[in-house]
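Below: one structure, written as structure tokens.
Just so it is clear, none of the values below were taken in a lab; they were calculated from the coordinates. Note that the structure is a prediction, hence the values are computed from the model and not measured. Neighbour counts run over all protein chains shown; Cβ positions are idealised from the backbone, glycine included.
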There are 2 protein chains.
Amino acid sequence: MKNNKHAFSEAERNAVYRAIKERRDMRHFTSEPIDKDIFNRILIAAHQAPSVGLIQPWRIIRITDQSVRMAIKNVVNKERLITAEALADRQQKFMKLKVEGISQCGELLIMALMDQREQHVFGRRTMPEMDLASVSCAIQNMWLAARSEGIGMGWVSLFEPSDLAEILNIPVGAQAVAILCLGHVDEFYSAPMLELENWRHGCPISDVLFENSWPSDKA
Amino acid sequence: MKNNKHAFSEAERNAVYRAIKERRDMRHFTSEPIDKDIFNRILIAAHQAPSVGLIQPWRIIRITDQSVRMAIKNVVNKERLITAEALADRQQKFMKLKVEGISQCGELLIMALMDQREQHVFGRRTMPEMDLASVSCAIQNMWLAARSEGIGMGWVSLFEPSDLAEILNIPVGAQAVAILCLGHVDEFYSAPMLELENWRHGCPISDVLFENSWPSDKA
């Protein structure tokens, strides 16, 4: 193989792969505040994400008001109970899981899709949901940046967007897609928490990798 | 600030931030093949992504058949013309942009949402589209892994999913969401290509950062 002048050094590559491997969707936090410079770096990482047609459709609402935080917590509690009902036979197991760390985490953010996205057609004509894809890339950047800083992050999607819209004055056409809890942690989980709790186990990569066609025995 | 035992070293953190900052959505590739070990590491990075309810909804179709690659190229060409029409006054400017590198790139992948997602309610009851969010996190992992390896990647969303379903035998309930071009590049763009081409310019982070509420002057 020729030398690739664009490749990072081995140490740098290892650091990137370490962040990817050791990132966890966290629900357990300590209440220690996040250093301001670290928090800013994590936010900048979000804003450096790719976006369809370069529209940067993410809007980030930082929650510093304790009463707003508690209102958000209540929205999630409500959806948690409705989800439990919908899970039928797994209801009890679900109710034992810790699904969010909203009360404890050092920083609470709401990530929302901007309004007036219908103006932007490039890369979205057949799949308007590509705006959510862009916001998700921004969130993954934050997750990896946070992990490298030793900060945990969790993405909570147990909420009714209209409930958050009301609390946060989110306009028509915009939509909250994530409640992000960020904070210090005692430990990062050694494996995804849902595996440790025996909720579900990941599959080997060979199960998701096909060649040239979707295999007929999986269709 | 207390020492955080979970934080990476400064050099490691810098490497993660370098990948985030220097990642580009690439459309220009050389035809040099990608080393097999590097390609495998990039695929494993995808599979280490977070996913809603740990359902790992991504399916990756590697295209090694040249006729399939050309059929995919035709699907994108078709949508490119329809998008151009829809862009009205920006049609000519759009048609001058290079929007994909399907013919040249070393590896071509289709990322699809798995079928039978309706079984999975956890974190998706109010927002079933969280499965796309998970796939997008997997793609962002690949983008950063690829960048650290000196490999460019581009996400093409100019296609009609039903056209790809026909070519690739994608079953009902599953859906292609990305055509990913991966390959060696002469240079990574110094800024997003759409900025270099004056299609659109990014905004400062202060434009997207709010506190406690969506500001009324932006609603």
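Worth pointing out:
- Judged by the mean number of other Cβ atoms found within 10 Å, the most tightly packed of the peptides A:131-144, B:26-39 leads the ranking A:131-144, B:26-39.
- Net charge of neighbours whose Cβ lies under 12 Å from the Cβ of A:Ala178, counting Lys and Arg as +1 and Asp and Glu as -1: -2
- Average beta-carbon neighbours from other chains, 10 Å sphere, peptide A:164-170: 3
- What the Cα convex hull of the protein assembly as shown gives, in volume per residue, is 137 Å³.
- Across region A:118-135, rounded Karplus estimates of 3J(HN,Hα) from the backbone phi angles (6.51 cos²θ - 1.76 cosθ + 1.60, θ = phi - 60°) give 5, 5, 9, 9, 4, x, 10, 5, 8, 9, x, 5, 4, 5, 5, 4, 5, 4 Hz, Gly and Pro being marked x.
- For region B:42-139, the residue among B:Met114, B:Ile60, B:Ile72 whose Cα projects farthest onto the positive side of the dipole built from Cβ charges is B:Ile72.
- Our note on the geometry: Cα centres of region A:189-219 and region B:179-219, 32 Å apart.
- For the peptide B:56-66, the mean number of other protein chain Cβ atoms found within 10 angstrom of a residue's Cβ is 4.
- Inter-copy spacing of A:Ser213 label points, which lie 7 Å from Cα along Cα→Cβ, given in nm from shortest upward: 5.9
- Over region B:147-219, volume per residue of the alpha carbon convex hull, in Å³: 223
- Protection proxy ranking, highest mean first, for peptides B:166-172, B:13-19, A:93-99: B:13-19, B:166-172, A:93-99, where packing is the per-residue count of other beta-carbon atoms within 10 Å, averaged.
- Distant-in-sequence amide H partners of A:Phe210 (H built 1.01 Å from N, under 5 Å): B:Ile60, B:Ile61, B:Arg62
- Three-way shape label, region B:33-147, alpha-carbon gyration tensor, a/c 1.5: oblate
- Calculated [θ] (222 nm, deg cm²/dmol) that DSSP helices of n ≥ 4 give over the protein assembly as shown, each run adding -39,500 (n - 2.57): -11500 deg cm²/dmol
- Chain A, relative contact order in percent, only Cα pairs under 8 angstrom and at least six apart counted: 33
- Between copies, B:Met70 shows label-point distances of 6.8 nm, shortest first, with the point placed 7 angstrom from Cα along Cα to C-beta.
- For a straight C-alpha distance cut-off of 28 angstrom, the lysines reachable from B:Lys5 (same-chain residues fewer than eight places away being disregarded) are A:Lys21, A:Lys36, A:Lys98, B:Lys21.
- Mean per-residue shielding of peptide B:189-200 is 2, counting Cβ atoms of other chains within 10 Å of each Cβ.
- Ascending list, in nanometres, of distances separating the B:Ile44 label from those of the other copies (7 Å, Cα toward Cβ): 3.1
- Absence of a disulfide-compatible partner, taken as no other cysteine beta carbon within less than 4.7 angstrom, is noted in chain B for B:Cys137, B:Cys203.
- Fraction of antiparallel bridges per DSSP, region A:24-193 only, in percent to nearest 5: 95
- Calculated P(r) tail over 29 Å for chain B, as whole % of Cα pairs: 36
- Each Lys and Arg contributes +1 and each Asp and Glu -1, all at the Cβ; summed about the Cα centre of region B:1-83, the dipole is approximately 220 debye.
- Filter on A:Lys73/A:Lys93; A:Lys73/B:Lys218; B:Lys73/B:Lys96 - keep pairs with C-alpha separation over 19 Å: A:Lys73/A:Lys93; A:Lys73/B:Lys218
- For region B:63-78, 3J(HN,Hα) per residue [Karplus equation, 6.51 cos²θ - 1.76 cosθ + 1.60, θ = phi - 60°, Hz, x = Gly/Pro]: 9, 10, 8, 4, 6, 5, 4, 5, 5, 5, 4, 5, 4, 6, 4, 4
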